[in-house]
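Asker: Quick one: structure below, then a few questions.
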Amino acid sequence: MPYTIGIPPEDTSPSETDPLLSAQNNHTGTVVRVGNAQHGDDTAAEGNDDDNAATPSTPKLFAIMASTWIGVFFAALDTTIVATLTAPISSSFDSLSLLSWLATGYLIANAACQPLSGKLTDIFSRRWGLLFSNVFFGAGTLVCGLAPNAGAIIAGRVIAGVGGGGLTCITTYITSDLIPLRRRGLWQGYGNLVYGLGMGLGGPIGGVLSDNLSWRWAFLLQVPFIVVSTVLVFFLVDINVQERANANENGDAHPQQRQDGADGNGNVDGNGSATASTNTKSRLSRIDFLGSAFLVGSLVLLLLGLNTGGNQFPWSHPVVIASLVLSAVTLGVFIYVESSLPRWVPEPILPVALIGRTRTVLAACLANWFGTMAAFLAIYYVPLYLQIRGLSATAAGLRVVPLAAATSAGSLLSGLIMRATGRYYLQMVGVMVVFVAGSGLICTFGLATPAWETFVFPVPLGFAYGGMLTITLVGMISSVAHEHQAVITAASYAFRSTGSTIGITIAGAVFQNILTKELRAEYGGVEGSERVIRRLKDSLDGMKHLPQGWDKDVVLGIYMDALRGAFISGLGLAVLAALAGLGMKEHILHKNLARK
């Protein structure tokens, strides 16, 4: 049986889990009702909310969340499988210079779809959103496993990114739907523990399959499990939500919120003319497809400029300059549309005005943005560093496990501390100090680095990153009124998605430019050098077949210089994340869904 969350007798303001397409905009919708509060950071409404702001029984809650965490697990597994396999995949297609697109294709799709997922699942339900996400994630993964060329595998990554972004984001919405703020950090920690487990296993599994079978099996073997996840979501994620208009029967005097004759699902009751199609069309019209298009356009142009600059074209080439300029212009248009055109975009994917006027939200978003840039830079380039040192994909994957485990531990510990203390700011300060220190430790990696350091040094970065994700999410939610909770959650994921995309692209640009510059400085006068340099940029296997006159140790040293440049970029991003995080303010973490 589905779990029903009751509606308070009096509803003076939207609840903390009001959907993005809320009834206050004169559109009835399918709404999870979990409580009632006045606007503001820390005040709660008077009334009898405690009796109605119920949560499911613990067994039911675990059943619901566990079914969603299966998808989260495989989305995380896919992340580190790809991070470990970028070198063999790129080498098999002779396209190491396109390494960043394997990651950014997936993450651009995340950035495009995650901000829309909240509103779409308000219309079509969380369950159908998860089913859609599982199908796309599985289809994209299958395409990657069967891809005949680099273009096909990048296309597969984009398709999988649509689904993977939904799996992680919608699961967070369900957590917010069902769990009070004071306990949410702990449950978010549980979810991040599952995510970390997936990250930890992805590297070793991908490495073993690549070394013993083929990198393709790392994708193909995920597909049956994704099918199982889809079936479980269909049967278990059945949260029975009630339409806001039903509250009229309990004393909620907002008759204008019910469209004539229609119930919350858009069905005609025989006394009016509303239809399901009319309701759905009106709700879809409020979704910010325009903003999403400008955001994705800006990202794609930025990535095009950064990836081609210094690689396919010199930085002064018109293609590079035009891409970067158009990216900035498109970003400016996006910000203008999101903040200044309510008639065209009544409910923007990024609430620019709200972010700008709420200090904690702005600081948390920027900390997420810069922090995710630094973290994903390490997640993708530490395995590459290990493989440049000659480790197999399996060995490189095993050394990613401590980082992933630390991410889970940091998230869970932060949730436990917030549940016990009701506070988070001092935690945030400590976490960001550790984050910067961890980024600095990775910058010390070299060809002679002891094996134990390659296991241990990424741990502080992962631990602090996990803690930061939980603290910033809870801090953002606690700092805004209830009706803004879902859109702020979506905004945090948008900053993470764009941050991960930009971080990997920055690393790729730095790595490729330093590699090209130093190889040309060392061997530019040698006959046929450009052909060899191109091969070294496109495949690590190029080191196995160096022509006479090329010293392998010198080439390895140049590779390390390029990697160190990428890692130093990550350190700079970590410092920016720390400075942003210090701008957060403390807010009360309430113990129940009514925020009382």
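Taken together, the values in this text are just the output of simple stated rules run on the coordinates, not laboratory data. Keep in mind that what you see is a predicted model, and the values were worked out from it rather than measured. Positions of Cβ are generated from backbone atoms using ideal geometry, with glycine treated the same way; all protein chains shown enter the neighbour counts.
Asker: Run the simple label-point estimate for Val223 and Ala322 please: 7 Å along Cα→C-beta, distance reported in nm.
Answerer: Those two pseudo-labels are separated by 3.9 nm.
Asker: By average Cβ neighbour count within 10 Å, what is the ranking of 144-154, 559-569, 511-521 from highest down?
Answerer: Details: 144-154: 17.4, 559-569: 21.0, 511-521: 19.0.
The most tightly packed comes first, giving 559-569, 511-521, 144-154.
Asker: Which of the peptides 120-130, 492-502, 385-395, 421-431 is most tightly packed, and how do the rest follow, going by the mean number of other Cβ atoms within 10 Å of each residue?
Answerer: Numbers: 120-130: 22.0, 492-502: 26.0, 385-395: 19.8, 421-431: 17.2.
Order by mean packing, descending: 492-502, 120-130, 385-395, 421-431.
Asker: Once phi is turned into ³J(HN,Hα) by the Karplus curve 6.51 cos²θ - 1.76 cosθ + 1.60 with θ = phi - 60°, what whole-Hz value does each residue of region 125-139 show in order, with x for glycine and proline?
Answerer: Result, ordered by residue: 5, 4, 4, 5, x, 5, 4, 4, 5, 4, 4, 5, 4, x, 5 Hz.
Asker: By how many nm would the segment from Trp128 to Tyr425 grow when fully extended, if each residue of separation counts as 0.36 nm and the alpha-carbon distance is taken off?
Answerer: Details: separation 297, 0.36 × 297 = 106.92 nm, distance 3.66 nm.
Full-extension gain reported as 103.3 nm.
Asker: Please sort 438-449, 200-211 by packing, taking for each peptide the average over its residues of neighbouring beta carbons within 10 angstrom, highest first.
Answerer: On the way: 438-449: 18.2, 200-211: 23.9.
The packing order, highest mean first, is 200-211, 438-449.
Asker: From the square roots a ≥ b ≥ c of the eigenvalues of the alpha-carbon gyration tensor of region 520-559, which class results: rounded (a/c under 1.5), prolate (a/b over b/c), or oblate? Before the final figure, lay out each step's value.
Answerer: On the way: a/c = 1.39, a/b = 1.17, b/c = 1.18.
Note, shape of region 520-559 comes out rounded.
Asker: Could you check the simple spin-label distance between Ala293 and Leu556, using points 7 Å along Cα→Cβ, in nm with one decimal?
Answerer: If labels sit at Ala293 and Leu556, their model points lie 5.3 nm apart.
Asker: Once a ≥ b ≥ c are taken as the square roots of the eigenvalues of the Cα gyration tensor of region 57-239, is the result rounded (a/c under 1.5), prolate (a/b larger than b/c) or oblate (a/b not larger than b/c)?
Answerer: On the way: a/c = 2.10, a/b = 1.80, b/c = 1.16.
The shape class here is prolate.
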